[in-house]
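Okay, structure first, notes after.
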Amino acid sequence: MYKINMVPEIIFGCGAVKTLAGRIPAQAKVLIVTSPSAEKNGNLAELCAALGSDITTNIYAETAPEPTIQEVDKVRKIFRQGKYNAVIALGGGSVLDVGKVTAAAASSDIPTADFFYNRAALPERGVFMAALPTTAGTGAEVTPNGVFTDKESNIKQSIRGGTILPALALVDPGFCVSCPAALTAASGLDALTQGIESYISRNSNNTTRALAAQGVKLIDQAIEKAFRTPDDLAARSDMSEGTLLGAMAFAVSGLGAVHGLAHPLGAKLHLPHGLVCGILLGKVLEHNSVVCRKQLTELAEFTGYSSAEQLIGRVYELLEKFNIDPRLAAYGLKAEDLPWIVGNSRSGSMRANPRDYTDAELTALLEEIM
């Protein structure tokens, strides 16, 4: 038995943003949540042009690349004080996550930390929220969670709940053209990881495997083109659609050990999430393959490779093509950090992994990657 809880409306394709104005609720007062880069690269101007002058808006354009629960508190306060009743989030996964939780918790003044540490449940109803991704990476436009760090404890984890789901996901690949090469690579590796981990998750099913496999295939075929030729709309479209499909899959199936380890590693080393996922993926798949070789082989063959080993080899090949050092020690990880990393890795993602790991096994795995 499985349940699929989906975003009510998903619009995909170049020009999708032009449909937004007609989907905003009447008498909406909208807070646009975005980042400084959206102001610089023209994405925010394009969004505002699509909304027109009849919709009342204000803009919060300060979202950090790795948002904290303290920043979410700040945005929620702005939302309440401005008496807004809708949220539009334009940006990468971090921006979308801040927008999602702001909309979901709109009726509450409970501190975000209480949702983060599961001391309180999100309200049963949020406000209208539209998500417009500008990277092909997290798939946050269709997932019922937001990932944050508590800057006081340095813990990084998800706030979850059905009310976090956007009412509308507008996936317009044209918004990804301005994404820098390094971010294209990191976010693409995150999306690739999500698809692969969803496919082999112990909670996968026929629906999630079909979505994940097609997502992995699209991403694998397009990621190098998008990295090297940023204005290739066909490649951007495949990356965006592949990310969307993978996220639809893992929202049901969960992920795996890569994401279980990536959150504490990212918090400790202050690295982009997708970069950490890419570095971890090959070695984790090697260790996982002792229990899920059949599934990895199926996925490899669907993607166009002859074996699980070839698919894993492709991961290492991409790191080399993107000039990513595969050694965690190169980013500052030390042996004394490992107990904290392992101790904070026991998330829902780790529980969905096809293989169980002891603390000693996780420590040994990380030592290999160091």
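The values are calculated or read from the model by the stated rules, or taken from the named source; none is laboratory data. These figures come from a predicted structure and were not determined experimentally. Counting neighbours? That spans all protein chains shown, and the Cβs are built from the backbone with ideal geometry, glycine included. Heads up: the accessible areas ignore ligands, DNA and RNA and are worked out on the full protein's heavy atoms, side chains in. Shrake-Rupley method; radii C 1.70, N 1.55, O 1.52, S 1.80 Å.
Data overview
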| item | result |
| --- | --- |
| Accessible area per residue, Å², the range 138-187 with all protein chains present, probe 1.4 Å | 30 |
| Packing-based order for 30-40, 210-220, using average beta carbon neighbours within 10 Å, highest first | 210-220, 30-40 |
| Solvent-accessible area, 1.4 Å probe, carbon plus sulfur percent, for the range 89-151 | 47 |
| Length gained when the stretch Glu320-Glu286 is fully extended (0.36 nm per residue, less Cα-Cα span) | 10.5 nm |
| In sequence order, calculated HN-Hα J values of the range 144-151 (Karplus, 6.51, -1.76, 1.60; Hz; x Gly/Pro) | x, 7, x, 9, 9, 10, 8, 5 |
| The range 6-119, accessible area per residue, ligands and nucleic acids excluded (1.4 Å, Å²) | 44 |
| Cα gyration tensor shape for the range 103-186, rounded if a/c is under 1.5, else prolate or oblate | oblate |
| Three-way shape label, the range 45-125, alpha-carbon gyration tensor, a/c 1.5 | prolate |
| Per-residue ³J(HN,Hα) for the range 184-196, Karplus 6.51 cos²θ - 1.76 cosθ + 1.60, θ = phi - 60°, Hz, x for Gly and Pro | 4, 5, 5, 5, x, 5, 4, 4, 4, 4, 4, x, 5 |
| Nearest-ten-degree value, helix 233-253 long axis tilted from longest Cα axis of the chain | 80 |
| Hz values of 3J(HN,Hα) by residue in the range 51-68 - Karplus curve (6.51, -1.76, 1.60), Gly and Pro given as x | 6, x, 9, 7, 9, 6, 9, 9, 10, 10, 10, 10, 4, 7, x, 10, x, 10 |
| Residues Ser306 and Asn154, FRET efficiency given R0 of 35 Å [Cβ-Cβ distance, rounded to 0.05] | 0.25 |
| The chain, relative contact order [Cα under 8 Å, separation at least 6], % | 16 |
| GNM result for the chain, Cα springs below 10 Å: residue of Gln221, Gln157, Gln27 fluctuating most strongly | Gln27 |
| For Thr56, distant residues with modelled amide H under 5 Å away | Val30 |
| Sulfur and carbon atoms: percent of accessible area, the range 314-370 [1.4 Å] | 49 |
| Acute angle (nearest 10 degrees) that the helix 308-321 long axis makes with the longest principal axis of the chain, alpha-carbon atoms | 60 |
| Label point distance in nm, Gln70-Tyr2, each placed 7 Å from Cα along Cα→Cβ | 3.9 |
| Amide H contacts of Ile155 (H built 1.01 Å from N, under 5 Å, at least 5 apart or other chain) | Asp150 |
| Protection-proxy order for peptides 360-370, 278-288, each taking the mean of Cβ atoms within 10 Å per residue, highest first | 278-288, 360-370 |
| DSSP-defined beta bridges in the chain - what % are antiparallel, rounded to 5 | 20 |
| Selected from Cys277, Cys176, Cys14 as most flexible by GNM, with the chain as the system and alpha-carbon contacts under 10 Å | Cys14 |
| In degrees, nearest ten, helix 273-303 long axis to first principal axis of the chain (Cα) | 60 |
| Apportionment of accessible area to carbon and sulfur, the range 242-295, percent (1.4 Å) | 59 |
| Ala49/Ala121 FRET efficiency (R0 41 Å; Cβ-Cβ; nearest 0.05) | 0.60 |
